[in-house]
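Visitor: Let me begin by handing over the structure; questions about it come next.
The values are calculated or read from the model by the stated rules, or taken from the named source; none is laboratory data. Since the structure is predicted, the reported quantities are computational estimates derived from the model, not experimental observations. Virtual Cβ from ideal backbone geometry, glycine too; neighbours counted across all protein chains shown. Ligands, DNA and RNA are excluded from the accessible area calculation, which covers all protein heavy atoms including side chains. Shrake-Rupley method; radii C 1.70, N 1.55, O 1.52, S 1.80 Å.
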Amino acid sequence: MAASQCISRLGAWEGYEIDHDEEVRRAGVIWCVIHLRSVRRARHCCSGCGSWMRSVHDWQERRVRDLPIFGVPVELVVPRMRLLCPRCGPKLEQLSWLEPYARVTVRLADSVARLCKLMSIRHVAQFYGLAWTTVKRIDKRHLERELGPVDLAGVHVIAMDEFAIHKGHRYATVIVEPYRKQVLWVGLGRGRADIRPFFELLGAAGRAGLQAVAMDMNAGYAEEVRAQCPGAKIVYDLFHVVAKYGRQVIDRVRVDQANRLRGDKAARKLVKGARWLLARNLSNVTRAQDLVRLRDLLKANKALFTVYVMKDDLKTLWDYRHSGYAERFWKQWYGRAMRSRIEPLKAFARNLKGYLPGILSHCRWPLGTNLVEGINNKIKVIKRMAYGFRDDDYFFLKIRAAFPGDRR
């Protein structure tokens, strides 16, 4: 069998065969340029109606990239035909191996899309010698076809959180089905109006069937959920409440105590440098020197000791599975906070009282945004791999593709 016949069969260019091939040197790289011709007496398929015919209106030579052969880049020279369809008029021929107006074959596009799951666009473009914009367009189109519109049927529980997409305090919201571990929706912004399109996609029946929504203490999220899904329970997450406690109580008390110790430089340095030590859970303080520092710090400073212990006690509230017992524990914790004479702690407790129904909902719906936090970390990795994204829609498709959900 001749080499050209072998390549033609391996190439599987349906409806076409090799006319001739040549080697061309471009910028020091040898290319294999294959000229194709239409198979004689072959019927052609109209891309408009799918009818088969032999009438050709006109044709135009088009250069198309294909997969490399033994590492040698391949370019096809294809006589791209417009058929004279009696139903549709002049229409491009439909080919199984080449999309209309595409400059790369279907198999090369599929290979590019597979590599884009593992590598950045820049590296894939360098690997195949394609333009950055071409690789991005191929991958985006592949993701749109692969993912399609999200199926929101049977969604009863969701979790939502925000993440940064650009410098300058630009944020987006990600909404997840926590049991399937599936990203349902991603949208720009973190306000009430920004998440409304998701509830519009959910539809009236979906909104009525939504039972619980896990979130942080974002007032805009809560207001929109109450307006759109009055029957759904809002569940406030332990992670965000404790993080807020650390910023508003522990940090504030630590700074106040450091300011009081201006005359004692050693003690002031110990208090000022203990920010991250105080923020960590006791179980996560494993180094002996850190345990000694923490013990000495809490032993020497009553206010810091109080807010540190109150933080651990507050976390116990999320361990309850009976709302009555949880509410009784809350009243006890709230009373201790009010009697502490520590103003940041008292202010935090008064503010947290308004969120109590959402905290107690955790007894019935033991949900959290810890899954969403894990997704946010993966989002950061996706963003770093790509050195940032210029197209938000493409970025959001990459996020959905990374979390398609359990298929079980």
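Visitor: With the structure loaded, tell me whether I30 is of a type in the set (V, I, T), loosely packed, with under 12 Cβ neighbours inside 10 Å and at pLDDT 90 or above or whether it fails that test. Spell out the reasoning first.
Guide: Numbers: of a type in the set (V, I, T): yes; loosely packed, with under 12 Cβ neighbours inside 10 Å: yes; at pLDDT 90 or above: yes.
Here the answer is yes, as I30 does meet what is asked.
Visitor: List the pairs whose first member sits in the stretch 384-398 and is open to solvent by less than 30 Å² (accessible area, probe 1.4 Å) and assigned to a helix (DSSP H, G or I), whose second member is modelled with pLDDT of 90 or more and charged (D, E, K, R), and whose Cβ atoms are under 8 Å apart, counting only residues at least 6 apart or on separate chains?
Guide: Listed pairs, sorted by first residue: Y394/K136; Y394/D139; Y394/K140; L397/K140; L397/E144.
Visitor: OK, next. Can you find, within the stretch 263-290, the residue that is nearest to N301 (Cα to Cα) among those that are within 36 Å of the chain's Cα centre (by Cα) and basic (K, R)?
Guide: R275
Visitor: What do you reckon, is D110 crowded, with 19+ Cβ neighbours inside 10 Å and within 30 Å of K398 (Cα to Cα)?
Guide: Against the criterion (crowded, with 19+ Cβ neighbours inside 10 Å and within 30 Å of K398 (Cα to Cα)), D110 does not qualify.
Visitor: If only one of R293, R262 is in contact with a helix residue (DSSP H, G or I) (Cβ under 9 Å, 6 or more places away or on another chain), at pLDDT below 90 and outside any helix (DSSP H, G or I), which one is it?
Guide: Result of the check over R293, R262: R262.
Visitor: Any residue at all in the stretch 138-153 that is open to solvent by 20 Å² or more (accessible area, probe 1.4 Å), more than 25 Å from K378 (Cα to Cα) and either modelled with pLDDT of 90 or more or among the aliphatic types (A, V, I, L, M) (or both)?
Guide: Yes; the residues of the stretch 138-153 include at least one that is open to solvent by 20 Å² or more (accessible area, probe 1.4 Å), more than 25 Å from K378 (Cα to Cα) and either modelled with pLDDT of 90 or more or among the aliphatic types (A, V, I, L, M) (or both).
Visitor: Scan the stretch 238-245 and tell me whether some residue there is of a type in the set (V, I, T), closer than 29 Å to D319 by Cβ and under 24 Å from the mean Cα position of the chain (by Cα).
Guide: For the stretch 238-245, residues of a type in the set (V, I, T), closer than 29 Å to D319 by Cβ and under 24 Å from the mean Cα position of the chain (by Cα): present.
Visitor: Please count how many residues of the stretch 327-341 are open to solvent by 50 Å² or more (accessible area, probe 1.4 Å) and outside any helix (DSSP H, G or I).
Guide: Residues meeting the conditions: 2.
Visitor: Let me ask something additional. May I ask you to list the residues in the stretch 265-288 that are part of a loop (DSSP other than H, G, I, E, B) and surrounded by 11 or more Cβ atoms within 10 Å (Cβ to Cβ)?
Guide: So in the stretch 265-288, the residues part of a loop (DSSP other than H, G, I, E, B) come out as 273-274, 280-281, 285-287.
Result: G273, A274, R280, V285.
Visitor: A further question on this structure: For the stretch 42-67, what are the residues that are under 30 Å from G129 (Cα atoms), free of Cβ contacts under 8 Å to residues at least 60 places away in the same chain and not aliphatic (A, V, I, L, M)?
Guide: Across the stretch 42-67, the qualifying residues are S47, W59, Q60, E61, R62, R63, D66.
Visitor: Identify, from the list R62, R41, the residue that is part of a strand (DSSP E or B) and basic (K, R). Break it down into steps so the answer makes sense when it comes.
Guide: Details: R41 fails: part of a strand (DSSP E or B).
Selected residue: R62, the only one of R62, R41 that is part of a strand (DSSP E or B) and basic (K, R).
Visitor: Taking V176, is it under 15 Å from the mean Cα position of the chain (by Cα) and open to solvent by 30 Å² or more (accessible area, probe 1.4 Å)?
Guide: Spelling it out, it is not the case that V176 is under 15 Å from the mean Cα position of the chain (by Cα) and open to solvent by 30 Å² or more (accessible area, probe 1.4 Å).
Visitor: Output the residues belonging to the stretch 121-137 that are among the polar types (S, T, N, Q) and surrounded by 17 or more Cβ atoms within 10 Å (Cβ to Cβ).
Guide: T134
Every residue, every condition in (1) more than 15 Å from S38 (Cβ to Cβ); (2) open to solvent by 50 Å² or more (accessible area, probe 1.4 Å); (3) touching a residue at least 24 places away in the same chain (Cβ under 8 Å), yes or no:
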| position | (1), (2), (3) |
| --- | --- |
| G71 | yes, yes, no |
| L76 | no, no, yes |
| P79 | no, no, yes |
| C85 | yes, no, yes |
| E93 | no, no, yes |
| L98 | no, no, yes |
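Quick grid of which residues meet (1) of a type outside the set (F, W, Y); (2) open to solvent by 50 Å² or more (accessible area, probe 1.4 Å); (3) assigned to a loop (DSSP other than H, G, I, E, B); (4) in contact (Cβ under 8 Å) with a residue 12 or more places away in the chain:
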residue	(1), (2), (3), (4)
R180	yes, yes, yes, yes
V183	yes, no, no, yes
I195	yes, no, no, yes
L202	yes, no, no, yes
A208	yes, yes, no, yes
A214	yes, no, no, yes
A222	yes, no, no, yes
F239	no, yes, no, yes
Q248	yes, yes, no, yes
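Visitor: Let me ask something additional. Considering only the stretch 346-379, how many residues are open to solvent by 20 Å² or more (accessible area, probe 1.4 Å) and either of a type in the set (D, E, K, R) or not in a helix (DSSP H, G or I) (or both)?
Guide: Selection size over the stretch 346-379: 10.
Visitor: Report, by residue number, each residue of the stretch 165-190 that is at pLDDT 85 or above and hydrophobic (A, V, I, L, M, F, W, C).
Guide: A172, V174, I175, V176, V183, L184, W185, V186, L188
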